[in-house]
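The values are calculated or read from the model by the stated rules, or taken from the named source; none is laboratory data. The model shown is predicted, which means the values in this text are computed figures rather than measured ones. All Cβ positions, glycine included, derive from the backbone under ideal geometry; neighbour counts span all protein chains shown.
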Amino acid sequence: MTTLRRLGPAGAELPAIEAEGQVYDLRPLTEDIDGAFLAGGGIARAREAVQDGYLPLLEGVEGLRVGAPIARPTAIVCIGQNYKAHAAELGAPPPELPIVFFKHPSSMIGPNDPIALPRRSSQVDWEVELGIVIGSRASYLGSEEDALAAIAGYVVSHDVSERDWQMNHSAGQWSMGKSAPTFNPVGPWLVPADEVEAGSLRLWSRVNGEPRQDSNTADMIFSVATLVHHLSQYMILEPGDLINTGTPQGVAISGKFPYLRAGDVVELGVEGLGQQRGEVVEG
């Protein structure tokens, strides 16, 4: 499996590619894993560079912080209530159309960075999600096949949510409860789309070692192809943009679990895409 990574201090991450157990420095090809790199066939060029022996090994990988595997996107587009069992636990019928909202791109952090409780927050919740990373400009796509061709790859994405703000301070728009700093840990890796069967991936979460979510993307109401095609009819998706595709059942807003507190540890993952571990801290 090939994975793309960004390693190093926040704001100064180094682009890298892992192949056959070795991590290579991508800087001979690009300064970052961003929209320009993805749109320019960067993943294919990186694979070829590994095969040709063009890239040097990245030294000291074990001691480097793991950053989000993509640079800050122009947009983080999110889908609500996209799992049948999650809609049921909220007492809602399955939506007939995708429920769309946004997170501010400044909410994105690395997969193991601390999750900060915002001031005046009281109902901070976890949401493990499959994230789609766009690889080419998508506007008025003609088919779901075209939508799949526009996807660069997939990531683990954690849509941290402040439920009181989401439900009572957003005037029905949700984004106020979704956009605080540190509210979107992403990664650890970007896995190219041609190496992922996105329609059948286990995803799970734990809080303090106790199970919370355990489901499969097969329970999605709207598939990744449907979502990308649908969104492209209403907005331009730029290379490097992130789409959070919704979370399964097992979140605190269900009333079955307490909300997050400082000192809690949230672990979550998606089959084949890696896992995260974030400690909750006071903001």
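Among residues belonging to segment 152-178 that are of a type in the set (S, T, N, Q) and crowded, with 24+ Cβ neighbours inside 10 Å, point out the one that is farthest from R120 (Cα to Cα). For segment 152-178, the residue satisfying everything is S157. Beta carbons closer than 9 Å, at least 6 apart along the sequence or on distinct chains, never pair a first residue in segment 253-273 that is free of Cβ contacts under 8 Å to residues at least 24 places away in the same chain with a second that is assigned to a strand (DSSP E or B) and polar (S, T, N, Q).
The residue list I134, I76 contains one member that is surrounded by 24 or more Cβ atoms within 10 Å (Cβ to Cβ), modelled with pLDDT of 95 or more, under 17 Å from L237 (Cα atoms) and in contact with a Lys or Arg (Cβ under 7 Å, 6 or more places away or on another chain), which is I76.
Per the listing Y83, Y54, the residue uniquely in contact with a Pro (Cβ under 6 Å, 6 or more places away or on another chain) and aromatic (F, W, Y) is Y83. Identify the residue in segment 228-262 that is in contact with a Pro (Cβ under 6 Å, 6 or more places away or on another chain) and either in a helix (DSSP H, G or I) or not charged (D, E, K, R) (or both) and, among all such residues, is surrounded by the most Cβ atoms within 10 Å (Cβ to Cβ). So the residue we want is L242.
Screening L58, L117 for residues that are surrounded by 20 or more Cβ atoms within 10 Å (Cβ to Cβ) and in the same structural domain as F37 (by TED's automatic domain parsing) leaves exactly one candidate, L58.
The requirement of being in the same structural domain as P111 (by TED's automatic domain parsing), closer than 14 Å to T245 by Cβ and within 16 Å of the chain's Cα centre (by Cα) is fulfilled nowhere in segment 174-181; no residue meets it. Among the residues of segment 110-147, what is the count of those that are part of a strand (DSSP E or B), of a type in the set (A, V, I, L, M, F, W, C) and out of contact with any helix residue (DSSP H, G or I) (no Cβ under 6 Å at 6 or more places or on another chain)? Looking only at that region, the number is 7.
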